[in-house]
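Read through the structure below, which is laid out as structure tokens, and then see the notes.
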Amino acid sequence: MFSPLEPYEILNKLGPDSGNVVDVGCHRDNLRLISRRFSIYGLEAFPAFSVRTRTEATQSGATVLSTTAAEGLSRFPDRSLAGVVLHSHLERDPDARSVVELLGQKLRFDGLAVLKLANYGSLNRRFMGKRWYKFNFPEYLNYFRKRDISALASHFGLEASFPFMLSLPTDDNFIAILKPTIPIEIY
């Protein structure tokens, strides 16, 4: 009955009119679901996945780079990205802090990053304890609460928001939308 929005849908609705968009991890077939008003790039660290994803992506006009998130994002000029989608990626990235730092540098001032993360602060996680199904060792290296993402984003010049219906306290996942804070010049 209630179908939460996926990160690419949020990007399609709230993102700028055009520009470069990066899907980190090329989650499933989401590259083809990102609006064609964007120039789409996928970053995939696992060579076997990137070959399959590259084949599918070329049919939809996307470019897939076989690289880690930090390395791939660093290839783009500062303030050149209209959007970035990270669907369950930061949990797996050994360099998650650098990825968020790069988001602060690479996003345009009208751009946004949409993150879908396992909700370590959820009531369900507290209730389930060690049996929480999102504990996925050794694949998951990091776990975040909303306040963790908010603090990390703020440290790198980003403002985090959490749409209520997509980030309920009972949900095992939450959506974070990160936008660059516009520097204010005082004369």
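I need the phi-derived Karplus couplings for segment 36-42: 6.51 cos²θ - 1.76 cosθ + 1.60, θ = phi - 60°, integer Hz, Gly and Pro marked x.
Here the 3J(HN,Hα) series is 6, 6, 9, 8, 9, 10, x Hz.
For Rg and Dmax of the Cα atoms in Å, the choices are (1) 24.3, 81; (2) 16.2, 56; (3) 16.9, 54; which was calculated from the structure?
(2)
Over the chain, what percent of the accessible surface lies on carbon and sulfur atoms, probe 1.4 Å? Before the final figure, lay out the partial values.
Numbers: 5490 of 9910 Å².
Ligands and nucleic acids excluded, carbon and sulfur give 55 percent.
Please turn the phi angles of segment 140-156 into ³J(HN,Hα) values with the Karplus equation 6.51 cos²θ - 1.76 cosθ + 1.60 (θ = phi - 60°), one per residue in order, whole Hz, x for glycine and proline.
In residue order, the calculated couplings are 8, 9, 10, 10, 10, 10, 4, 5, 5, 5, 4, 5, 5, 4, 4, 4, 10 Hz.
Using a 1.4 Å probe, what is the accessible area per residue for the chain, in Å²?
Values: 9910 Å² over 187 residues.
In whole numbers, the chain has 53 Å² accessible per residue.
May I ask for the Kirkwood hydrodynamic radius of segment 93-179, worked out over all distinct Cα pairs and given in angstroms to one decimal? Kindly include the intermediate steps, with their values, before the conclusion.
Details: mean 1/r = 0.0738 Å⁻¹.
It works out to 13.5 Å.
The values are calculated or read from the model by the stated rules, or taken from the named source; none is laboratory data. Keep in mind that this is a model prediction, so the values were computed, not measured. The protein model used for the area step is the full one, side chains on, heavy atoms only, and it has no ligands, DNA or RNA in it. Shrake-Rupley method; radii C 1.70, N 1.55, O 1.52, S 1.80 Å.
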